[in-house]
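K.L.:
Next up is a structure, given as structure tokens.
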Amino acid sequence: MSHEAISIFDMFKIGIGPSSSHTLGPWRAALRFLKTLEQQNILQQVKAVEVILYGSLAKTGIGHGTDIAVQLGLCGEDPVTFEVDRITPKMNDIVAMKKLVLAGRHEIDFNPAEDIEFLFAESLPFHPNALTFLVTLVDGETLAETYYSVGGGFVVKEGEEALQANQVILPFPINTANDLLHWCMKTGMAISEVVLENEQAWRPEQETRQQIIQTWTAMRDCMFRGCHTEGSLPGGLNVKRRGAELNRRLLKGAPYTDYEGWLLAIRAGGGDFKYILDWVSCFALAVNEENASFGRVVTAPTNGAAGVIPAVLQYYISFCDGYSEEKIIQFLLTASEVGSIFKKGATISAAMGGCQAEIGVSSAMAAAALTECMGGTQRQALMAAEIAMEHHLGLTCDPIGGLVQIPCIERNTMGAIKAITASQLALQSAPDYAKVSLDGVIKTMWNTALDMNSKYKETSDGGLAVNIPISLSEC
């Protein structure tokens, strides 16, 4: 059976904001290009490098830090470990010296203002998020490679798109929700158990478990930072950060020094509906304010939608007695599989499908995960994912000023609340009577994406991006 093998750690990548497709993807593309130079033993012969950004990458590239990302990638920096506090000094040095050290080893002349070109009016046919690296060697020879950032930090090199990028053979091959349900029914395993078995094609189970906890730790730390960081977001809109203020107001001066104490303080506030609703919004706001500030986040499945899954998982931990490593692992395994099915059947790129491909998918992922962790059946979990996406269909991507701020940050709160609602509906429903399948809604989402006008696909050419004066700030 032909299938695309996608690991949980393909869906959940630790990196730096503000965008998985416009920041993390180009960064990873630059790292891949360095490997080409090294494999051909020509890194030390490079005289000049030019980067060309096409289409959506060009139109929102400045706001999403695409130019910064490609420079850091060309320097050989790792987005997983690079300290975010070093970004500004590093960029200032490159601009001032007009020098760039390829792979951290070979210095070349490089002027970002001249050597990074934004082709706003030109898109390549395979995907709107395209970038080309042009190299001139000391002997005058040239080399060019084009990459596509296809969403969620996934990168495809031109000429490789028809190839199977991952040839891993899984014990339970899955392309669709129906495939997943087939294996669950045949084995009697939960969705998370099927995924955990598949992950053993890449690594031992204990290693997978450890890496999942590391992933959650990165999500948790991002959320905690966002709940304790004041100020305004960078980029010129002067959007005020709300997570810390809301956190402080909800806790009413309760003392704590770390995440554990914070969690106890949250729980001590009770279970009033409004209180819980405010906390879910706070969790989501905090993550995406960090993302908008070039903070360290986890694609879930993208950076622009990075707040939904941590917010719903934190809701489960805080208010549903879900604070155990086993439950956290179960949640993220289930969420990742739903995300991979959307990637295979449609897209997780806003430049291809609008915001339904980001917030919509993240909401569906979170809804399925919460449902399984709350004791729902496999079919109820898939039903929850379908409900969540059904009510995000057609959601456009129209960021003001090309920044992942308005409406992106608030949309994460909406996606989280919809995920919880979808889960509750599924848990109180009989899937036998459902009229729409998850595969049906994924197909519909893709058809909607194909029909959607390009100006609503992460270009800032339509919607709020053109109707709200750039000088206005929210709240």
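The numbers here are math on the coordinates, done by the rules we state, and not lab data. No experiment lies behind these values; they were computed from the predicted model shown. Note that we place each Cβ from the backbone using ideal geometry, even for glycine, and neighbour counts take in every protein chain shown.
K.L.:
Which one, S318, T377, G345, projects farthest toward the positive side of the charge dipole computed for region 303-397 from Cβ point charges (K/R +1, D/E -1)?
P.N.:
The listed residue farthest towards the positive side: G345.
K.L.:
Okay, moving on. Of I42, G153, L53, which is farthest on the positive side of the dipole of region 8-157, counting Cα position, with +1 on Lys and Arg Cβ, -1 on Asp and Glu Cβ, and the Cα centre as origin?
P.N.:
Highest projection toward the positive end goes to G153.
K.L.:
Under 14 Å between alpha carbons, and skipping anything fewer than 8 positions from K443 in its own chain: which aspartates and glutamates qualify?
P.N.:
Those aspartates and glutamates meeting the cut-off are E386, E390, D451.
K.L.:
Using Cβ contacts closer than 10 Å as the measure, can you line up I108, I309 from fewest to most? The partial results should precede the final answer.
P.N.:
Values: I108 17, I309 34.
So the ranking, lowest neighbour count to highest, is I108, I309.
K.L.:
Which whole-angstrom value gives the distance between the alpha carbon centres of region 1-55 and region 374-442?
P.N.:
Using only Cα atoms, the two centres lie 30 Å from each other.
K.L.:
For region 1-145, what is the charge dipole size about the Cα centre, in debye to the nearest 20, if Lys and Arg each add +1 at the Cβ and Asp and Glu each add -1 at the Cβ?
P.N.:
Details: 11 positive and 19 negative charges, 50 e Å.
Here the size comes out at about 240 debye.
K.L.:
Here is a follow-up. In vacuo Debye scattering of region 69-190, one point per C-alpha: log10 I(q)/I(0) at q = 0.10, 0.13, 0.21 Å⁻¹?
P.N.:
So the normalised log intensities are -0.52, -0.75, -1.35.
K.L.:
Dividing the alpha-carbon radius of gyration of region 177-467 by 2.2 N^0.38 Å (N being the number of residues), what value is obtained?
P.N.:
0.96
K.L.:
Shifting gears a bit: Once you wrap a convex hull around the alpha carbon atoms of region 4-52, what is its projected area averaged over all directions, in nm²? Spell out each step's value before the answer.
P.N.:
Values: hull surface 20.6 nm².
Directional mean of the projected Cα hull area for region 4-52 stands at 5.1 nm².
K.L.:
Among S19, L237, F9, flag the residue with its Cα farthest along the positive direction of the charge dipole of the chain, charges on Cβ as +1 for Lys/Arg and -1 for Asp/Glu.
P.N.:
Result: L237, furthest along the dipole toward the positive end.
K.L.:
Where the only charges are on Cβ atoms (+1 Lys, Arg; -1 Asp, Glu), what is the dipole of region 177-467 about its Cα centre, to the nearest 20 debye? Present the calculation step by step, with values, prior to reporting the outcome.
P.N.:
Details: 24 positive and 30 negative charges, 117 e Å.
The dipole of region 177-467 has a size of about 560 debye.
K.L.:
If a/c stays under 1.5 just call it rounded; otherwise compare a/b with b/c (prolate if a/b is bigger, oblate if not). Do that for region 266-407, with a ≥ b ≥ c from the square roots of the Cα gyration tensor eigenvalues.
P.N.:
On the way: a/c = 1.82, a/b = 1.19, b/c = 1.52.
Note, shape of region 266-407 comes out oblate.
K.L.:
What Kirkwood radius, in Å to one decimal, follows from the Cα pairs of region 8-157? Working shown, then result.
P.N.:
Values: mean 1/r = 0.0657 Å⁻¹.
Taking every pair of different Cα atoms in region 8-157, averaging 1/r and inverting gives 15.2 Å.
K.L.:
Then there's this: Within region 30-161, how many Lys pairs sit with Cα atoms under 14 Å apart, leaving out pairs fewer than 8 places apart on the same chain?
P.N.:
Details: K35/K157; K47/K98; K47/K99; K90/K98; K90/K99.
Qualifying lysine pairs in region 30-161: 5.
K.L.:
Kirkwood hydrodynamic radius (Cα pairs, Å) of region 348-443?
P.N.:
Working: mean 1/r = 0.0751 Å⁻¹.
The Cα-based Kirkwood calculation yields 13.3 Å.
K.L.:
If you don't mind, another one. Using Stokes-Einstein with the Kirkwood hydrodynamic radius over Cα pairs, what translational diffusion coefficient do you get for region 4-92 at 10 °C and a viscosity of 1.306 mPa s, in µm²/s rounded to a whole number?
P.N.:
113 µm²/s
K.L.:
Cα-Cα pairs above 18 Å in region 175-333: how many percent?
P.N.:
Values: 7908 of 12561 pairs.
Of the Cα pairs, 63 percent sit more than 18 Å apart.
K.L.:
With a cut-off of 8 Å between alpha carbons and a minimum separation of six or more residues, what is the relative contact order of region 8-157 in percent?
P.N.:
Values: 270 pairs, mean separation 54.7, N = 150.
With pairs under 8 Å counted, the relative contact order is 36 percent.
K.L.:
Turning to a different aspect of this structure: Going by Cα centres, region 198-238 and region 293-318 are how many Å apart?
P.N.:
A separation of 7 Å, based on Cα centres.
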